[in-house]
Amino acid sequence: MAADLSRILVIGSTGYFGKFMVDASVRLGHPTFAMVRQGTYSSNPEKAALIDSFKSRGVNLVYGDIYEREKLMAALKQVDVVICTLSHRTPHLYEDEVMLIEAIKQVGNIKRYIPSEFGFDVERLDIMEPAKSTLSVKARVRQRIREEGVPHTIVCGKIAANWHFLPRIGQVEGFGPPADKIHILGDGNTKAVFVREEDTATYTVKAADDPRTLNKIMYLRPPGCVISHNELIDLWEKKTGKKLERIYIPEHEVVTKMEDSSPGLRGCYMVAHASFVKGQTMIDIDPLIGVEASELYPEVKYASIGEILNTYL
Ligand SMILES: NC(=O)c1ccc[n+]([C@@H]2O[C@H](COP(=O)([O-])OP(=O)(O)OC[C@H]3O[C@@H](n4cnc5c(N)ncnc54)[C@H](OP(=O)(O)O)[C@@H]3O)[C@@H](O)[C@H]2O)c1
């Protein structure tokens, strides 16, 4: 019953991940609150339509900005859980989240804070610079949350399925699925985890009320979402009935490729290298601090990689 479920506030609701969090919260029956910026509503028709769709689904809209202290405090007082999906691309994610953490401590009624993560396990991440420094901000946020004793759950351990790699069948370059040749970093046998954004949000909202995830790191590793690049290509070839010429790029050449790329693509190479070569989405889960989402919630019907690939056919 909705009355028994926590009231969830999504901060960053109109962003790439935030909209999926709002959707999952509503779908799972939580009284849902979404912080939206008035300026975004009036200047961005696409986001205005999204905000209207929130409204029509019964979401409580909180018009405001995290820097508007009174509005932020008033919003926090109405809810039990805060899911933050502010962007890591801002240079002040740390300061913004610390401000949220301090506000959460001050109101005293928040039972769970879910920080802006949803990617690698940033405290144990082996990734090239400057991606390492960019993502280390999230590790500093974790540390601060623990120091402040804020009840939390960290959600991580996968790559967003519909972001960049799967739509290109694992390639870094190109647009959409390759027609005849495919480039593979390393030997193509390292396993990586790709979880659909909707499913990431479902697991996140499930975890919000769960004592088993309190102050834990929840990794997303549903068995049907784990695949190596070679297996991914096999699967795609089976679906399309067409063979691709496989071109393997040895690890030492990846760095050169990266240096020759545009800054945006360089970041993608770093993520691909960390995932497909270094296996950074498949690190061991420490049972003292880590849990795995699909083990906790076997009832969630997540999309397997095969099902996700069907949407690109
Ligand atoms: N995108 C991906 O593929 C991806 C993949 C893996 C992990 N992640 C992680 O997911 C998290 C969220 O990233 P994202 O890509 O979803 O971010 P995003 O699309 O840039 O969205 C950021 C959201 O924050 C809102 N916002 C920004 N400043 C605000 C402020 N001062 N007050 C209130 N709201 C504010 C934005 O509102 P407006 O709409 O008004 O601008 C927007 O709703 C990050 O930790 C990121 O690393 C993302």
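Restricting attention to the range 140-167 and to residues that are open to solvent by 10 Å² or more (accessible area, probe 1.4 Å) and in a helix (DSSP H, G or I), the residue that is farthest from Thr190 (Cα to Cα) turns out to be Glu148. Scanning the range 248-291 for residues that are open to solvent by less than 20 Å² (accessible area, probe 1.4 Å) and of a type in the set (A, V, I, L, M), we see that the one that is farthest from Leu125 (Cα to Cα) is Ile249.
Matching residues to (1) outside any helix (DSSP H, G or I); (2) free of Cβ contacts under 8 Å to residues at least 24 places away in the same chain; (3) under 13 Å from Arg142 (Cα atoms):
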{"position": "Lys71", "(1), (2), (3)": "no, yes, no"}
{"position": "Leu76", "(1), (2), (3)": "no, no, no"}
{"position": "Ile83", "(1), (2), (3)": "yes, no, no"}
{"position": "Arg89", "(1), (2), (3)": "yes, yes, no"}
{"position": "Glu95", "(1), (2), (3)": "no, yes, yes"}
{"position": "Met99", "(1), (2), (3)": "no, no, no"}
{"position": "Glu102", "(1), (2), (3)": "no, no, no"}
{"position": "Glu117", "(1), (2), (3)": "yes, no, yes"}
{"position": "Val122", "(1), (2), (3)": "yes, no, yes"}
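In this entry, Gly170 passes the filter for residues that are away from the ligand (no atom under 14 Å from the Cβ), in contact (Cβ under 8 Å) with a residue 12 or more places away in the chain, open to solvent by less than 30 Å² (accessible area, probe 1.4 Å) and under 23 Å from Glu251 (Cα atoms). Considering every residue within the range 78-87, establish whether at least one is within 15 Å of the ligand (Cβ to nearest atom) and at pLDDT below 95. Yes, because at least one residue in the range 78-87 is within 15 Å of the ligand (Cβ to nearest atom) and at pLDDT below 95. Against the criterion of being open to solvent by 50 Å² or more (accessible area, probe 1.4 Å), basic (Lys, Arg), near the ligand (Cβ under 7 Å from one of its atoms) and touching a strand residue (DSSP E or B) at 6+ places or on another chain (Cβ under 9 Å), Lys47 qualifies.
Here the range 200-241 is the region considered, the condition is being of a type in the set (Gly, Ala, Ser) and open to solvent by 20 Å² or more (accessible area, probe 1.4 Å), and the residue that is farthest from Arg7 (Cα to Cα) is Gly241.
The values are calculated or read from the model by the stated rules, or taken from the named source; none is laboratory data. None of these values were measured; they are calculated from a predicted model. As a convention, Cβ positions derive from the backbone with ideal geometry for all residues, glycine included, and neighbour counts pool all protein chains shown. Ligands, DNA and RNA are stripped out before the accessible areas are found, and what is left, the full protein with its side chains, is counted by its heavy atoms. Shrake-Rupley method; radii C 1.70, N 1.55, O 1.52, S 1.80 Å.
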